[in-house]
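What follows is a single structure, and I will ask about it in a moment.
A short reminder: the numbers here are calculations on the coordinates, not readings from a lab. The structure presented is a predicted model; accordingly, all values stated were derived computationally and were not measured. All Cβ positions, even for glycine, are placed from backbone atoms using ideal geometry, and neighbour counts span all protein chains on display.
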Amino acid sequence: MAKFELPEYGQHVVFLGSTGCGKSTAAQYMLEYYSHFIAIDTQDSLDLDGMRVSNPGLMKAYMKLFRRIQYVPKPEYLTRQNFDNLFRSILESSSKKQPKPRVLYIDEIFHIGYGASFPSWLPRSITTARQRKISFWIATQRPKMIPQPVLSEASRILVYRLAKEDDIKYAASFARSNSKELYKVLQAQEDDYSFIEINTRKGTWEKKPALKIN
């Protein structure tokens, strides 16, 4: 079993899994190894070493001042317009010629979505962020119900236990190597914080043990 390698800046990652399966814990653990990140934490459930911000109007200034930011917006700021402005600001803060590496982690994408409507700058940013060394890490329980670019642009998909049969089938479809076997493995996935890592570029997958949390 190969050692888990941390993603590089500019490499998009999706964490799939039901509530309590360990995806947020794993993302939180991984973020501690990065010098620059913005974690969007609408439920105020993460424990990260970084500056806490609750007002979206301050985000542009804070991105210049602090390397690590935990964005915990107040309820009145949970609007599509505010998130659109945020994603646009993050994307425009870096360029292809002068990239400013950063990880943007969204702890459950449905907390920034409204039914089937997500901020338009989310998929727009994902498709161009890689060249600017901006990584999108996105956690979700329901992969079939999120914007298509989120998964199609991801280099790696970490799959924990999924509750819905259609989500299991959908996740397995991203592996071109032994996808039928992967489907069976995902059906039998347990709540032990282990996960399946799918390399979408190669179409391969591998079972990984739970990440060690200190």
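Which of the aspartates and glutamates could a cross-linker span from K144 if the Cα-Cα distance has to be under 12 Å and same-chain partners fewer than 8 positions apart are dropped?
E165, D166, D167
Residue by residue through segment 188-202, what is 3J(HN,Hα) from phi via Karplus (6.51 cos²θ - 1.76 cosθ + 1.60, θ = phi - 60°)? Round to whole Hz and write x for glycine and proline.
9, 4, 10, 8, 10, 6, 7, 8, 9, 9, 9, 8, 6, 6, 8
Right, another one. Just from its helices, what would the mean residue ellipticity at 222 nm be for the chain, if runs of 4 or more DSSP H residues each count -39500 (n - 2.57) and the sum is divided by every residue, rounded to the nearest 500 deg cm²/dmol?
On the way: 7 runs with 60 residues, N = 214.
Mean residue ellipticity at 222 nm (helix-derived): -8000 deg cm²/dmol.
Could you grab the relative contact order for the chain? Cα pairs under 8 Å, six or more apart, rounded to a whole percent. Mind dumping the intermediate values first?
Numbers: 403 pairs, mean separation 57.3, N = 214.
That works out to 27 percent.
Can you pull the Rg over Rh of segment 1-93, Cα-only, Kirkwood?
Value, to two decimals: 0.97.
From the backbone phi of segment 5-20, what are the Karplus-calculated ³J(HN,Hα) couplings (6.51 cos²θ - 1.76 cosθ + 1.60, θ = phi - 60°) in whole Hz, Gly and Pro given as x?
For segment 5-20, the Karplus curve yields 9, 5, x, 7, 4, x, 9, 7, 9, 10, 9, 10, x, 6, 4, x Hz.
On a full-extension model of 0.36 nm per residue, what is the gain between S95 and L58, subtracting their alpha-carbon distance, rounded to one decimal in nm? Present the calculation step by step, with values, prior to reporting the outcome.
Values: separation 37, 0.36 × 37 = 13.32 nm, distance 2.11 nm.
Contour length minus Cα-Cα distance gives 11.2 nm.
For S177 and R201 in the same chain, what is the full-extension length gain: residue separation times 0.36 nm, less their Cα-Cα distance, in nm?
On the way: separation 24, 0.36 × 24 = 8.64 nm, distance 1.13 nm.
Length gained, S177 through R201: 7.5 nm.
Measuring from the lowest to the highest alpha carbon on each principal axis, how far does segment 13-208 reach, largest first, in angstroms?
Principal extents (Cα only, largest first): 49, 36, 32 Å.
Can you order the peptides 135-145, 19-29 by their average number of other Cβ atoms within 10 Å per residue, highest first? Walk me through the numbers before you get to the answer.
Working: 135-145: 21.4, 19-29: 19.2.
So the order, starting with the most tightly packed, is 135-145, 19-29.
Mind giving me the nanometre distance, one decimal, between the label points for L65 and S194, set 7 Å out from Cα along Cα→Cβ?
Using points 7 Å along Cα→Cβ, the separation is 4.7 nm.
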